[in-house]
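I have placed the structure first, in the form of C-alpha cells, so that the comments after it can refer back to it.
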C-alpha cells in the first residue's frame, strides 16, 4: 500500500500544471586564481539563473572561447578550464543567453606572468 501511495504521489507531482516562477537573469564568473604562469590551467566557474537559459559563452580575452548549452534550464553552474600561453592581463567574460530575458555578462581579470 505504501508503495502504491508513493507511486501515485510521484505521478501526480510529475504531472502538475503549475509553472515555476522565472528567476531574474543573473550571471557570475569566478576564477580559481587570478595570477598564474603561462601554460598553467585556471578554472572558471560560471553560475547563471534566468527563465529559460539557452547557453553560456566564456571568452578568455586571448581570442578563444568555450560554449555550453543549457537546454532551457532555470539555473546552471559550469566549470571551464583554460591555460593562457602568453604573459599579460586578460579579461575573461561569461555571457549567458536567456530565451525570455536576453543576455547578461560578467567578467573577471586574470594576470599571467
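Nothing in this text is a laboratory measurement; each read-out follows from the coordinates by a stated rule. Keep in mind that what you see is a predicted model, and the values were worked out from it rather than measured. Reconstructed Cβ throughout: ideal geometry from the backbone, glycine too, with neighbour counts over all protein chains shown.
Summary of values
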| quantity | calculated |
| --- | --- |
| Spin-label pair residue 64/residue 85, simplified geometry with 7 Å Cα→Cβ offset, distance in nm | 0.8 |
| Residue 45-residue 23 pseudo-label distance in nm [points 7 Å out on the Cα-to-Cβ vector] | 1.4 |
| Calculated FRET value between residue 113 and residue 73, using beta carbons and R₀ = 25 Å, to 0.05 | 0.10 |
| FRET efficiency for residue 37 and residue 103, using Cβ-Cβ distance with R0 set to 35 Å, rounded to 0.05 | 0.60 |
| Relative contact order (%) - criterion: Cα under 8 Å, at least six apart; region: region 22-112 | 36 |
